[in-house]
Amino acid sequence: MNAELPSAEHVPVMLQEALRLLGPQPGEIIADGTLGAGGHAEAVLNVLSDTGRLIGLDRDPEMAERTGERLAKQFGERVKVLCANFSDMDEVFASLSLAGADGILLDLGVASPHLDCAERGFSYRTDGPLDMRMDPDRPTAEEWINRAREEEIADVLYQYGEERRSRRIARAIVRARARGAIRRTVELAEIIRRAMPPGPRKLHPARRSFQAIRIFLNREMEHLDIFLEKLPGLLRPNGRCVIISYHSLEDRRVKNAFRDGAREETYAALTRKPLRPAPEEVRANPRSRSARLRAVRRAGQGEDS
Ligand SMILES: C[S@@+](CC[C@H](N)C(=O)[O-])C[C@H]1O[C@@H](n2cnc3c(N)ncnc32)[C@H](O)[C@@H]1O
């Protein structure tokens, strides 16, 4: 995990829409649960004025350290960055003697510097070790792919990648590893490519499988579920929450939690349907193409059931 992250520019996805719905006001406390390279956080800090504060979390220690240093230089005491999982945001708030936030932002998934850094093993396009860990506290993709049962691999690819060829790919992986351990990203990507029937396709054949393995190994859905469960207690009355997700498994969870909360009058919906990036944004930043943004406002005092 010590690989240098390249200083690639990170373009924050749906920044204007996120800012409008998060609605940070001077003097407020805003939490960014997925700090990444700090693009959204920096824009929020710029509108919070001298009295507002931003709490930034990232589960990746390198990302937290690097972005924390950068933001501290620019904004001083107004920003506090911690290496923590957003599923533990209640504990983070307690450690800072904070009763809640006026706004919380989640921009899910991995950051561009993760994908651009071959050493982190997230990319099927650039050769690197099969790592894919967002934090060091779990097995690597190499450990898992060389030891998991064929059915388990197929289930993970199907469940988290919605990969229709999951069984075929799992069989190819198990056959390939019988000849020697699979250690590199492009090696795995090539095994997957060869397991797919030939024909024209828009996306790389390994895209869904890599996404599935990353989500599974980092327990991304479990952390999102825990966060959504805790969310009402993390927001002050009238506090807003904006979540940007990148695939249907995440978006479905967010949609259901926000819908149930609105029915119980814990929240008021701020988006009736998910917002999508404008075509110009997708053209300028293809990584934004699958983004969906949903937002709610916590019921105010007296509005609560
Ligand atoms: C898409 S990036 C965020 C980019 C950021 N909004 C920006 O403008 O630079 C997602 C970041 O969230 C982090 N992350 C993902 N899941 C997390 C979790 N459960 N808890 C804390 N951080 C998480 C990743 O390590 C990554 O750095």
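Quick note: the coordinates plus some simple rules give every number you see, no bench work behind them. The structure displayed is predicted, hence computed values, not measured ones. Counting neighbours? That spans all protein chains shown, and the Cβs are built from the backbone with ideal geometry, glycine included.
In table form, for the structure just shown:
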quantity	calculated
Sole exception among (1) surrounded by 16 or more Cβ atoms within 10 Å (Cβ to Cβ); (2) more than 10 Å from the ligand (Cβ to nearest atom); (3) not in a strand (DSSP E or B) for residue 55, by number	(3)
Sole residue being out of contact with any helix residue (DSSP H, G or I) (no Cβ under 9 Å at 6 or more places or on another chain) and either surrounded by 15 or more Cβ atoms within 10 Å (Cβ to Cβ) or part of a helix (DSSP H, G or I) (or both), chosen from 255, 273	255
Qualifying positions in the range 119-129 - more than 17 Å from residue 60 (Cα to Cα) and in contact with a Lys or Arg (Cβ under 8 Å, 6 or more places away or on another chain)	124, 127, 128, 129
Residues located in the range 116-154, provided they are touching a residue at least 40 places away in the same chain (Cβ under 8 Å) and among the aliphatic types (A, V, I, L, M)	118, 130, 132, 134, 141, 145
Residue pairs meeting the criteria (Cβ under 8 Å; at least 6 apart or on separate chains; first touching a residue at least 12 places away in the same chain (Cβ under 8 Å), in the range 77-100; second assigned to a helix (DSSP H, G or I) and of a type in the set (S, T, N, Q))	81/67
Among the candidates 66, 149, 59, 53, residue that is under 25 Å from residue 248 (Cβ atoms) and of a type in the set (D, E, K, R)	59
Residue check, residue 24 within 18 Å of the chain's Cα centre (by Cα) and either part of a helix (DSSP H, G or I) or buried (at least 16 other Cβ atoms within 10 Å of the Cβ) (or both)	no
Single residue of the range 182-201 satisfying the filter (of a type in the set (Lys, Arg) and outside any loop (DSSP other than H, G, I, E, B)) that is farthest from the ligand (Cβ to nearest atom)	194
Residue selected from the range 94-118 under the condition of a type outside the set (A, V, I, L, M, F, W, C) and within 15 Å of the ligand (Cβ to nearest atom), by the criterion farthest from residue 56 (Cα to Cα)	116
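Listed here are the residues, each with its yes/no results for (1) away from the ligand (no atom under 11 Å from the Cβ); (2) in contact (Cβ under 8 Å) with a residue 40 or more places away in the chain.
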| residue | (1), (2) |
| --- | --- |
| 203 | yes, no |
| 213 | yes, yes |
| 219 | no, yes |
| 223 | no, yes |
| 231 | yes, yes |
| 239 | yes, yes |
| 242 | no, yes |
